[in-house]
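What follows is one structure encoded as structure tokens, with my remarks underneath.
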Amino acid sequence: MENKNQWGSSFGFIMASIGAALGLGNIWGFPYKMGESGCFAFLLFYLIFVLITGFPVMLAEFAIGRKGGASAPEAYGKYGKFYRWAGIASICACMLILSYYCFFGGMLFQAIFELLGLSVGVHAFWSLVFIVVSSVIVLMGVQRGIENFSKVVIPLLMLMLLFIVFHTLSSPEARQELARLMTPRKEDLNIRSASSALAQVFFSMSLGQGCMLVCGAYQQRGGSLFSQSWLIPFFDTLSAVLAAIAILPAAAVKGIDPGSGPSLLFDAVPKIFGSSRYGTLLTFVFFLLVLLAAITSVISMIETPAAALRSLAKTKRSTSVALVSAAAFLLGLPIALSYGHDFSWLNVYEFVAEYLLIIFVSVASCAAVVYVGRREAIRSVFGRDCLMGRLWLFILKYITPILLLFVIFTFIFSILAA
């Protein structure tokens, strides 16, 4: 019989954690932000920040989850009353991000069915379809639903990405454009590119949202988290880089600005692949790839607040999942109504979630591990006290908070300078 509070295997833990991280932030957000921020410079900063802050914070969240359980408010609360607010903030960030995943998931479903010649219903209908499909997977449970889905879909996603990359790079023009885009330029190595890359690391790896905490809570006790976890940032980063290679050179060949923003997905992808021999098929595969990536993240996002509801309100899994899914759908409606207008609720949600809540939660995670649970955290992550563990604490104590404050001040300065 399934243990409802554990992954069935280390492989399942790794696949589910990769799934929680691998989402729209990788397949959609990373390519256009890379295109906006100088390509090579952005990628260089991104890789550095994954190593020196993304991975360390992810390990901190795993350790907090393993100690405190899957309810983020209760898990953080075990480090003190103040830290409970970090747990609440992580749930709020998760719900805001889940709401715009719901919106874009609906757009993906709609785009796929239109490619098949089926134009049915308004956008709200497809958003509802998206959240219902994701909810059904979560309702099946941790092992039979989330874990089994991730174990099948994550390898499939990587194969689909490699297929599209192979198609893109089969063109000599695309290979030339890739070489041009990846040529280092001093003017791109600036504060803006660094800040954008760092913010993308935290969003792409689903940090500060409680999702990684839940993944750590469901992992079996005993053993080193570090030895099991390094594959997660590796494949998360690999998927993002492959998506950029698949899209940016092909866009440049078609005369589409690689830094054209969010429209790079829905407006540019059909143009990028449309003129090729198998254009419709490639567009379909790419949209399906992004849809599956979105679902792998969303099932973790649903599970995170649902787990808190089950723990705090003593609700059943079905009730908690239904409440979370309904709330996400309703929160996504203002985004749908304002999308494409001068004022967009999407920008508000992104600012609050990514620049306020996630940063606050991440700093609190560092503080909880460094100042309250350092010895237990080192044993949980590395299995024993070691030099690597002390280096990890040094990064969480000094480097990560400074970098996160750098993101906030850079963002504020960019607004004032605009």
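For residue 219, what is the net charge nearby, where nearby means another residue's Cβ is under 13 Å from its Cβ and Lys, Arg count +1, Asp, Glu -1?
Net charge in that neighbourhood comes out at +1.
Given an 8 Å cut-off on Cα distances and at least 6 residues of separation, report the relative contact order of the chain as a percent.
35 percent
Tell me, rounded to the nearest percent, the portion of alpha carbon pairs in the stretch 82-237 spaced more than 21 Å apart.
67 percent
Under a 10 Å cutoff between Cα atoms, tell me which one of 386, 39, 211 has the largest fluctuation in the Gaussian network model of the chain.
Among 386, 39, 211, the largest mean-square fluctuation in the Gaussian network model of the chain belongs to 386.
How large is the dipole of the chain about the Cα centre if only Lys and Arg carry +1 and Asp and Glu carry -1, each at its Cβ, rounded to the nearest 20 debye?
For the chain, the charge dipole is close to 1300 debye.
Based on a Kirkwood Rh over C-alpha pairs, give the Stokes-Einstein translational diffusion coefficient of the stretch 300-406 at 25 °C and viscosity 0.890 mPa s in µm²/s.
Reported coefficient: 145 µm²/s.
Hey, got a sec? Which chymotrypsin sites (Phe, Trp or Tyr not before Pro) in the stretch 173-256 land in a DSSP loop and have at most 15 other Cβ atoms within 10 Å?
Passing sites in the stretch 173-256 are 230.
Assuming a viscosity of 1.567 mPa s and a temperature of 4 °C, what translational diffusion coefficient in µm² per second does Stokes-Einstein assign to the stretch 27-163, Rh being the Kirkwood radius over Cα pairs?
71 µm²/s
Tell me the per residue accessible area of the chain using a 1.4 Å probe; a whole number in Å² is fine.
It amounts to 41 Å² per residue over the chain.
Which whole-number percentage describes the relative contact order of the stretch 41-175, with Cα contacts under 8 Å and a sequence gap of 6 or more?
10 percent
What is the stretch 235-355's relative contact order, in percent, from Cα pairs under 8 angstrom and six or more apart in sequence?
Normalised by residue count, the contact order of the stretch 235-355 is 10 percent.
For every other residue with a beta carbon closer than 15 angstrom to the beta carbon of residue 406, add +1 if it is Lys or Arg and -1 if Asp or Glu, then tell me the sum.
Around residue 406, the surrounding residues sum to 0.
Take the cross-link list 78/151; 33/271; 78/397; 33/254 and give me the ones stretching past 23 Å between alpha-carbons.
78/151
Which chymotrypsin sites (Phe, Trp or Tyr not before Pro) in the stretch 263-346 sit in a loop by DSSP (not H, G, I, E or B) and have at most 15 other Cβ atoms within 10 Å of their own Cβ?
Hits after loop and neighbour filter: 278, 343.
Accessible area of the chain with a 1.4 Å probe: how many percent of it is carbon plus sulfur?
For the chain, the apolar C and S fraction of the accessible surface comes to 68 percent.
Take each complete run of DSSP H in the chain, measure how far its Cα atoms stretch along the helix's own axis, and keep only those covering 30 Å or more with mean Kyte-Doolittle hydropathy at least 1.6; list them.
Both cut-offs are met by 148-169, 231-253, 279-313.
Highest GNM mean-square fluctuation, the chain, Cα pairs closer than 10 Å: which of 405, 291, 22?
Of the options given, 405 has the highest mean-square fluctuation.
Residues with beta-carbon under 13 Å from that of residue 77, excluding residue 77: net charge, scoring Lys, Arg +1 and Asp, Glu -1?
The answer is +3.
Sequence neighbours fewer than 8 away in the same chain don't count; with that in mind, list the lysines whose C-alpha is under 17 Å from residue 316.
Within the straight-line cut-off, residue 316 pairs with 4.
Would you compute, from DSSP H runs of 4+ residues alone, the mean residue ellipticity of the chain at 222 nm, taking -39500 (n - 2.57) per run and dividing by the full residue count, rounded to the nearest 500?
Only helices count here, giving -23000 deg cm²/dmol.
Cut-off 10 angstrom, C-alpha nodes, Gaussian network model of the chain. Which of 359, 299, 137 fluctuates the most?
137
The values are calculated or read from the model by the stated rules, or taken from the named source; none is laboratory data. Since the model is a prediction, treat every value here as computed from it, not as a measurement. Neighbour counts run over all protein chains shown; Cβ positions are idealised from the backbone, glycine included. Ligands, DNA and RNA are excluded from the accessible area calculation, which covers all protein heavy atoms including side chains. Shrake-Rupley method; radii C 1.70, N 1.55, O 1.52, S 1.80 Å.
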